[in-house]
Structure formats: C-alpha cells, structure tokens
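Asker: One structure, as structure tokens, below. Some questions next.
Throughout, read-outs are computed from the coordinates displayed, never taken from laboratory work. Here the structure is a predicted model, which is why all the values come from computation and not from measurement. Note that we place each Cβ from the backbone using ideal geometry, even for glycine, and neighbour counts take in every protein chain shown.
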Amino acid sequence: MNIIKPTASQISLTTANTINGSQIVFISATSAAVITVANSGGTIGTFTLPANQYIWVAKTPTDTIAANVAVFATSSAYRG
C-alpha cells in the first residue's frame, strides 16, 4: 500500500517551480508529460510520465520541476 501525506494544496504545473521547497513531490498526469528536474546548474534529468499515471520525485528544496504539459503537483511525504 502506498500512502501520500499532502503537505500543501496541489498546483497545476508547467513552468519551473520548487513546489513549496518540498523534498518529495507527488506528480500526476492526465496526459503524457515530459518532466524536467533542474537546479541553478541546469537540468538534472528528465523522464516521461505516461498519461493517467503518478509518481513521487525526490529532490533538494531548491530544485525545480517543470513539465511540457500541465500536470498536478503537491509537496508531500511518502510511505510505500
């Protein structure tokens, strides 16, 4: 069982955002999306999130997340 503990309200995300400085971010997509994680040095990595899927992303508080189409993101705590 996966448990998500939201720590803020979800946002619709396309442009680079730190998502409240969260270290764990829950992302869900209704359409396939290319997710980009970056910091001040540039892109850390990218991945494709298929349509109607979700994932947790671990990052440092100052890293940003962006998507090529609107996805939903919320800062969270996770236990899998």
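Asker: If one puts a single equal scatterer on every Cα of the chain and applies the Debye formula without solvent, what log₁₀ I(q)/I(0) results at q = 0.17, 0.22, 0.27 Å⁻¹?
Answerer: -0.58, -0.99, -1.42
Asker: For a quick protection proxy, order the peptides 54-61, 67-74 by their average other-Cβ count within 10 Å, most packed first.
Answerer: Details: 54-61: 14.2, 67-74: 18.6.
Order by mean packing, descending: 67-74, 54-61.
Asker: For the chain, what is the relative contact order in percent, using Cα pairs closer than 8 Å and at least 6 residues apart in sequence? Each step should come with its number before you reach the end.
Answerer: Numbers: 206 pairs, mean separation 40.4, N = 80.
Once divided by the residue count of the chain, the mean separation gives 51 percent.
Asker: Using 1/(1 + (r/R0)^6) with R0 = 25 angstrom and r between the beta carbons of Thr30 and Arg79, what's the FRET efficiency to the nearest 0.05?
Answerer: 0.50
Asker: Fully extended, how many nm does the chain gain between Trp56 and Val69 (0.36 nm per residue separation, minus their Cα-Cα distance)?
Answerer: Working: separation 13, 0.36 × 13 = 4.68 nm, distance 1.75 nm.
Full-extension gain reported as 2.9 nm.
Asker: Here's something else I'd like to know. 5 Å is the cut-off here: which amide hydrogens, built 1.01 Å from N in the peptide plane, fall below it relative to Thr7, excluding neighbours closer than 5 in sequence?
Answerer: Amide H neighbours of Thr7, under 5 Å, 5+ apart: Ser75, Ser76, Ala77.
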